[in-house]
Structure formats: C-alpha cells, structure tokens
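Trainee: Just passing along the structure, written as structure tokens.
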Amino acid sequence: MSNLYPENLYFEDAEVGTSLRSGPYLVTKSEIIQFAKQYDPIPRHIDEEAAARSVFGGLTATSAHTFSIFILLTTRLQPRLHVLAGLGWDELRLPNAVRPDDALDLEITVLEKRASKSKSDRGIVRNQVLLRNQKRETVLQCTRNILVARRGVANARTD
C-alpha cells in the first residue's frame, strides 16, 4: 500500500489486492522454551535433547506461540485497518516450524470486502495472511475475517 493512506485505514480504504506488512520479529530460544513451559509443556518444545530426537530434529515453537506472534505483528501493521473485532480464521496452516533465531515477517493481503447488511458503521474484510521466516518459508498461513469501521459513521467502541 502506498504512503498516501492515513495511519488508520477504514473499510472504504481497504482495496482488494493491496497488502500490509510488519516485522521482522526475532524469535529466541529462551522465548520458545518460556512460552512452551507455560502453555504447551511438551518435551520437544522445552528440552533441546528431546527436540533433537523429534520429527523436527531440533527445538521449535509451539503452534500457539507462532499464532501469538502473528497476532502481535497485526498490531504493528502500518498503515493498519481500524479493526472493531476479529471474526475468525479459515484454513489455518503451519507448513514450516518456527525455530530459534527465525526472523518473522507478516504480510496481509485484502482478498474481498463487503459492507455489513445490518450495521451501517462497519464492513467485513477477508484477508490472506502469510507469516514467513527469513528464508521466505511460510510458517503460518490462513484467511482472516475482520470487522472494520467505516469512515464518517458513528463507530462502535473498540476497547
């Protein structure tokens, strides 16, 4: 997307085919272990020897950790859409593991949009999501559906 857009984009500004980007986000070994200890304490995510014997052949981030990084990077998109709510994710895939020292970049491309039929202050935007490492390998992909504020209409609270 060009720099002609304001910092916060509204439904009307979302053009099919345009992309928003953020990153990189550096994933550390200690972060992988800490996250897994708290949320997914499986040996292949917290113990390097067990991880070496796993199908991954080394330490990897949990899927929940990878998804959390994706969510964090959506808050860093510039410019970013004025999102009122997330509506869901379709066809979520994790084709490659996230490993220590990976630098992840997020790219979100507008696939389609439609005005809400019941609420004039919002619309629905469907996006293709790609989270990639420094080798340009996709580590997370999905289709995201979000509720976006419309410009010039009294908007619902977003907090």
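Trainee: Ranking Tyr25, Tyr10, Tyr39 by Cβ neighbours within 10 Å, fewest first, what do you get?
Mentor: Tyr39, Tyr25, Tyr10
Trainee: On a full-extension model of 0.36 nm per residue, what is the gain between Arg76 and Leu92, subtracting their alpha-carbon distance, rounded to one decimal in nm?
Mentor: Going from the current span to full extension adds 3.7 nm.
Trainee: With n ≥ 4 as the cut-off for DSSP H runs, can you work out [θ] at 222 nm for the chain, using -39500 (n - 2.57) per run divided by the number of residues, rounded to the nearest 500?
Mentor: Only helices count here, giving -5500 deg cm²/dmol.
Trainee: If you don't mind, there's one more thing I want to ask. Would you mind listing how long region 8-149 runs along its three principal axes, going by Cα atoms, in whole Å with the largest first?
Mentor: 55, 27, 22
Trainee: With r defined as the distance between the Cβ atoms of Val16 and Asp47 and R0 fixed at 35 Å, what FRET efficiency is calculated, to the nearest 0.05?
Mentor: 0.15
Trainee: For each of Ile33, Ile124, Ile108, count neighbouring Cβ atoms within 10 Å of the residue's Cβ, then give the residues from fewest to most.
Mentor: By the 10 Å Cβ count, ascending, the order reads Ile124, Ile33, Ile108.
Trainee: Check the straight Cα-Cα distances from Lys29 and name the aspartates and glutamates below 13 Å, setting aside those fewer than 8 residues away within the same chain.
Mentor: Straight-line reach from Lys29, under 13 Å: Asp47, Glu48, Asp101, Asp102.
Trainee: Can you give the net charge of the other residues whose Cβ lies under 14 Å from the Cβ of Gly88, counting K and R as +1 and D and E as -1?
Mentor: With Lys, Arg at +1 and Asp, Glu at -1, the net is 0.
Trainee: Which residue, Leu87, Leu20, Leu59, has the most motion in a Gaussian network model of the chain that connects Cα atoms within less than 10 Å?
Mentor: Comparing Leu87, Leu20, Leu59 in a Gaussian network model of the chain, the most mobile one is Leu87.
Trainee: Also, I was wondering about something else. So what J values fall out for region 74-80 if you push phi through Karplus, 6.51 cos²θ - 1.76 cosθ + 1.60 with θ = phi - 60°, rounded to Hz, Gly and Pro as x?
Mentor: Ordered by residue, 3J(HN,Hα) equals 5, 6, 9, 4, 9, x, 10 Hz.
All of the numbers you see were taken from the coordinates with simple rules; none came from a lab. Keep in mind it's a predicted model, so treat the numbers as computed, not measured. Glycine gets a Cβ as well: all are built from the backbone with ideal geometry, and neighbour counts include every protein chain shown.
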